[in-house]
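Trainee: One structure, as structure tokens, below. Some questions next.
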Amino acid sequence: MSFINLINIVGARPQIIKASAISRAIKTQFSDKIKEILLHTGQHYDKELSQVFFDELEIHKPDYNLGVGSAHHGRQTSLMITGIEEILLKEKPDCVVLYGDTNSTLAGALAASKLHFPVIHIEAGLRSFNKNMPEEINRIMSDHASTLLFAPTDSALKNLMREGFKPENSPPYTIDNPKIYLTGDIMYDNTLFFAGLAEKKKSAFLDVLGLEKDKFILATVHREINTDDISRLEAILRTFKSLSEEFTVKFVMPLHPRTIISLKTNLADLYKELSECRFIKIIPPVSFLEMTLLEKTSKLIATDSGGVQKESHFFCKPCLVLRKETEWVELVKNRTAVLVDADPVKIRNEFIRFYNYTGELQYPRFYGDGRTAEFILGEILSMVDKA
Ligand code: UD1
Ligand code: UDP
């Protein structure tokens, strides 16, 4: 088998985390067959949204960083496309690997497909059926520019089939004859790999935050629909504050900078109230090992994050999903995650239900066996071999 050149494109926090599973599998099992080039668009640039993951997850320094930074969707995406295109023309990779649904994913898909480099989309087929979310547009466009599509769940695979992708396609695979797969989720690979390490390396972290195991709520809010709609952000955070006081339970919230900016700009009084409330702990974004520890030791999780929803499941924690819909539908069907939107009544009722629940919730293994990255790399090698 020949030695192939693979470009891994990352930009936002969860993509760096996801790419670490692929990088690790290349390093440990495919280093004689695959050369990885890591391209960071620079969509996330703050240390705690980017560098911390390179250090902690032992990913090598990006070979390229476009340093695109923050901007409106169109400008940010176009700067990425321009930068990615130049690198693709120079490196002429055998394939381009993309993760998830961010603007960096979309830019990679457009730049690579127009230059006829095969696009590999990891986390393909997910749909929220809400095109008001930028992620939904990014997912659909990226899937339809891809050659290999790795769907992490059965429902994601079915979404692709509904959109015309054919499971029976045979090699050689191309953008016009793409291959869809049902795989597990590489985030689960990571959780299995890092959960033990998190407890070993971050054992003092709960004490530092003044938290007791199983006695606090972990909450994150960062999606555009919640941060840029002030009434939603206010409803969510006021409900958290009142629940924390009523149940005398701590809420720890590692908040994305965009949430803090929105709070300071639009809800300064509420931000002050939250900062003064002894049950609310707003902290800067934490590292992946710290986050893993918080997830593992929390009582319940409330989030609008895709990744954190799944991690709540990996750690068998009930989850309040601060959205109207989710692309991780199996969690909701399983009734261990509940869509509470930004509705104070739903948040309150579901919080109380889970908080007081004494029975045993079931957390089936929806997301593979923790070896998804290896499977994906094997299929990429076979695609390049048969091209
Ligand atoms: C992006 C993704 C979202 C993903 C999230 C992961 C898109 C459209 N959205 O959202 O799907 O869930 O990443 O965290 O791609 N900012 C900083 N420092 C940074 C980066 C951003 O302060 O290092 C602030 C800036 O004010 C910026 C805002 O956050 O304008 C939004 O950043 P952006 O990268 O556009 O989107 P995210 O909200 O991070
Ligand atoms: N995460 C982290 N530190 C934080 C918040 C999240 O390491 O302060 C991790 C989290 O464990 C998950 C990923 O980031 O693996 C999810 O990213 P995010 O919520 O930013 O984006 P989404 O998954 O919604 O796209």
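Trainee: Just name the residue that is surrounded by the fewest Cβ atoms within 10 Å (Cβ to Cβ) out of those in the stretch 96-120 that are touching a Pro at 6+ places or on another chain (Cβ under 8 Å) and under 16 Å from Asp176 (Cβ atoms).
Mentor: For the stretch 96-120, the residue satisfying everything is Phe117.
Trainee: Criterion first (surrounded by fewer than 20 Cβ atoms within 10 Å (Cβ to Cβ), charged (D, E, K, R) and not in a loop (DSSP other than H, G, I, E, B)) does Lys346 satisfy it?
Mentor: Values: surrounded by fewer than 20 Cβ atoms within 10 Å (Cβ to Cβ): yes; charged (D, E, K, R): yes; not in a loop (DSSP other than H, G, I, E, B): yes.
Spelling it out, Lys346 is indeed surrounded by fewer than 20 Cβ atoms within 10 Å (Cβ to Cβ), charged (D, E, K, R) and not in a loop (DSSP other than H, G, I, E, B).
Trainee: Okay, next question. Residue under question is Ser305, and the condition is that it be within 15 Å of ligand 1 (Cβ to nearest atom), without any contact (Cβ under 8 Å) to a residue 40 or more places away in the chain and of a type in the set (Gly, Ala, Ser); does it hold?
Mentor: Numbers: within 15 Å of ligand 1 (Cβ to nearest atom): yes; without any contact (Cβ under 8 Å) to a residue 40 or more places away in the chain: no; of a type in the set (Gly, Ala, Ser): yes.
The answer is no for Ser305.
Trainee: Which residues, counting only those in the stretch 266-317, are in a helix (DSSP H, G or I), in contact with a Phe, Trp or Tyr (Cβ under 9 Å, 6 or more places away or on another chain) and more than 26 Å from Tyr357 (Cα to Cα)?
Mentor: Selection gives Leu274, Phe288, Leu289, Glu290.
Trainee: Report every pair of residues separated by at least 6 positions or lying on different chains whose Cβ atoms are under 6 Å apart, first residue within the stretch 204-227 and over 18 Å from Pro318 (Cα atoms) and in contact (Cβ under 8 Å) with a residue 24 or more places away in the chain, second within 15 Å of ligand 2 (Cβ to nearest atom) and charged (D, E, K, R).
Mentor: These pairs meet every condition: Phe205/Glu290; Arg223/Asp304; Asn226/Asp304; Thr227/Arg258.
Trainee: Counting only residues that are within 24 Å of Ile137 (Cβ to Cβ) and out of contact with any strand residue (DSSP E or B) (no Cβ under 9 Å at 6 or more places or on another chain), give me the helices (runs of 4 or more DSSP H) lying completely in the stretch 173-230 with at least 3 of them.
Mentor: Numbers: elements: 186-201, 205-209, 224-227.
So the answer is 224-227.
Here is a yes/no grid of residues against (1) in contact with a Ser or Thr (Cβ under 7 Å, 6 or more places away or on another chain); (2) within 12 Å of ligand 2 (Cβ to nearest atom); (3) over 18 Å from Ile283 (Cα atoms); (4) not aromatic (Phe, Trp, Tyr):
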{"position": "Phe194", "(1), (2), (3), (4)": "yes, yes, yes, no"}
{"position": "Asp214", "(1), (2), (3), (4)": "yes, no, yes, yes"}
{"position": "Val221", "(1), (2), (3), (4)": "yes, yes, no, yes"}
{"position": "Pro254", "(1), (2), (3), (4)": "yes, yes, no, yes"}
{"position": "Ala268", "(1), (2), (3), (4)": "no, no, no, yes"}
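Trainee: Can you tell me which residues in the stretch 31-48 are within 18 Å of the chain's Cα centre (by Cα) and surrounded by fewer than 19 Cβ atoms within 10 Å (Cβ to Cβ)?
Mentor: If the condition is that a residue be within 18 Å of the chain's Cα centre (by Cα) and surrounded by fewer than 19 Cβ atoms within 10 Å (Cβ to Cβ), then Tyr45, Asp46, Lys47, Glu48 are the ones that fit.
Trainee: Do you know which residues across the stretch 240-255 are under 25 Å from Thr292 (Cα atoms) and either outside any loop (DSSP other than H, G, I, E, B) or among the small types (Gly, Ala, Ser) (or both)? Break it down stepwise before answering.
Mentor: So the first thing to find is which residues in the stretch 240-255 are under 25 Å from Thr292 (Cα atoms), and the list is 240-241, 243-244, 247-255.
Across the stretch 240-255, the qualifying residues are Phe240, Lys241, Leu243, Ser244, Lys250, Phe251, Val252, Met253, Pro254.
Trainee: Sticking with this structure for a sec: Would you point out which residue out of Thr303, Thr248 is within 23 Å of Val345 (Cβ to Cβ) and crowded, with 22+ Cβ neighbours inside 10 Å?
Mentor: Details: Thr248 fails: crowded, with 22+ Cβ neighbours inside 10 Å.
After applying the criteria, what remains is Thr303.
Trainee: I would also like to ask the following. When the stretch 268-288 is examined, which residues are found to be buried (at least 16 other Cβ atoms within 10 Å of the Cβ), within 16 Å of ligand 1 (Cβ to nearest atom) and not hydroxyl-bearing (Ser, Thr, Tyr)?
Mentor: The answer is Ile282, Pro285, Val286, Phe288.
Trainee: Take the residues of the stretch 353-387 that are touching a residue at least 40 places away in the same chain (Cβ under 8 Å) and over 29 Å from Ile122 (Cβ atoms): which is surrounded by the fewest Cβ atoms within 10 Å (Cβ to Cβ)?
Mentor: Tyr355
Trainee: Consider His73 against the criteria (1) within 16 Å of ligand 2 (Cβ to nearest atom); (2) within 28 Å of Asp189 (Cα to Cα); (3) not aromatic (Phe, Trp, Tyr): it satisfies all of them except one. Which criterion is unmet?
Mentor: For His73, the exception is condition (2).
Trainee: On to the next question. Could you tell me whether any residue of the stretch 141-162 is surrounded by 22 or more Cβ atoms within 10 Å (Cβ to Cβ), modelled with pLDDT of 95 or more, within 16 Å of ligand 2 (Cβ to nearest atom) and not in a helix (DSSP H, G or I)?
Mentor: yes
Trainee: Among Ile16, Ile34, Ile84, which is the only one that is among the aliphatic types (A, V, I, L, M) and within 16 Å of ligand 2 (Cβ to nearest atom)?
Mentor: Working: Ile34 fails: within 16 Å of ligand 2 (Cβ to nearest atom); Ile84 fails: within 16 Å of ligand 2 (Cβ to nearest atom).
Result: Ile16 is the single residue among Ile16, Ile34, Ile84 that is among the aliphatic types (A, V, I, L, M) and within 16 Å of ligand 2 (Cβ to nearest atom).
Trainee: Determine which single condition Pro257 fails, assuming it passes every other condition in (1) buried (at least 17 other Cβ atoms within 10 Å of the Cβ); (2) under 19 Å from the mean Cα position of the chain (by Cα).
Mentor: If we test Pro257 against (1) buried (at least 17 other Cβ atoms within 10 Å of the Cβ); (2) under 19 Å from the mean Cα position of the chain (by Cα), just (1) comes out false.
Trainee: If you don't mind, another one. Is there any pair linking a residue in the stretch 113-135 that is in a helix (DSSP H, G or I) to one that is among the polar types (S, T, N, Q), with Cβ under 8 Å and at least six apart or on different chains, and which?
Mentor: Sorted first by the residue in the stretch 113-135, then by its partner, the pairs are Ser113/Ser146; Pro134/Asn103; Glu135/Thr102; Glu135/Ser128.
The values are calculated or read from the model by the stated rules, or taken from the named source; none is laboratory data. Predicted model, so just to flag it, every value in this text is computed and none were measured. For neighbour counting, all protein chains shown are included, and Cβ atoms are generated from backbone atoms with ideal geometry for every residue, glycine included.
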